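Contents: one structure, followed by commentary.
The values are calculated or read from the model by the stated rules, or taken from the named source; none is laboratory data. As the structure is a prediction and not an experimental result, all values here were calculated from the model. Methodologically, a virtual Cβ is constructed for each residue, glycine included, from the backbone with ideal geometry; neighbour enumeration extends over all protein chains shown.
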Ligand code: HEC
Ligand code: HEC
């Protein structure tokens with residue numbers, strides 16, 4: 001038959017395990033690499049897109065960033081719908 005003390009030990013042990021796991025996850029997140037995806041440039045070409053609704057702005061990107069445009073996307077570019085989710089504005 002378990003004593004009173006024994007019944008209290010288990011939750012304490014679980015609480016410590018919980019805290020350790022939480023701390024490990026936090027550490028992992030703090031050590032994540034910095035975001036490296038290029039931001040939307042803050043230049044004459046792109047400045048008008050800073051104010052627009054994202055969905056509106058994204059209609060214009062392909063004018064220049066397409067195989068026929070002045071600045072085609074690099075080879076192996078990730079799936080490209082919703083440009084501004086990845087290329088953040090400043
Ligand atoms: C009128 C043409 C034009 C349009 C429209 C345009 N861009 Fe660009 N973009 C360029 C040119 C040219 C460059 C390369 C020179 C530069 O950095 O400005 C460039 C560069 C970039 C870069 C690379 C920045 C870097 O640091 O290498 C990103 C990201 C980008 N554009 C995103 C976008 C997005 C997102 C849109 C739509 C909201 C967009 N562009 C619309 C012409 C355009
Ligand atoms: C899923 C995330 C994602 C989406 C969506 C996305 N991109 Fe990219 N893009 C990247 C990554 C990652 C790179 C290569 C790493 C970097 O930016 O330096 C890149 C590179 C680029 C570059 C070249 C940057 C340079 O420094 O040479 C341009 C221009 C660009 N993207 C434009 C666009 C446009 C325009 C769209 C929408 C049609 C778009 N991207 C959508 C993630 C994304």
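The set of residues in the range 75-89 that are more than 11 Å from ligand 1 (Cβ to nearest atom) and more than 12 Å from residue 54 (Cα to Cα) comprises 75, 76, 78, 79.
The numbered conditions (1) free of Cβ contacts under 8 Å to residues at least 40 places away in the same chain; (2) in contact with a helix residue (DSSP H, G or I) (Cβ under 8 Å, 6 or more places away or on another chain) are all true for residue 33 except (2). Every listed requirement among (1) modelled with pLDDT under 95; (2) in a helix (DSSP H, G or I); (3) more than 16 Å from ligand 2 (Cβ to nearest atom) is met by residue 20 save one, (1).
A count restricted to the range 36-63 and to residues that are in contact with a helix residue (DSSP H, G or I) (Cβ under 8 Å, 6 or more places away or on another chain), surrounded by 11 or more Cβ atoms within 10 Å (Cβ to Cβ) and closer than 19 Å to residue 77 by Cα stands at 4.
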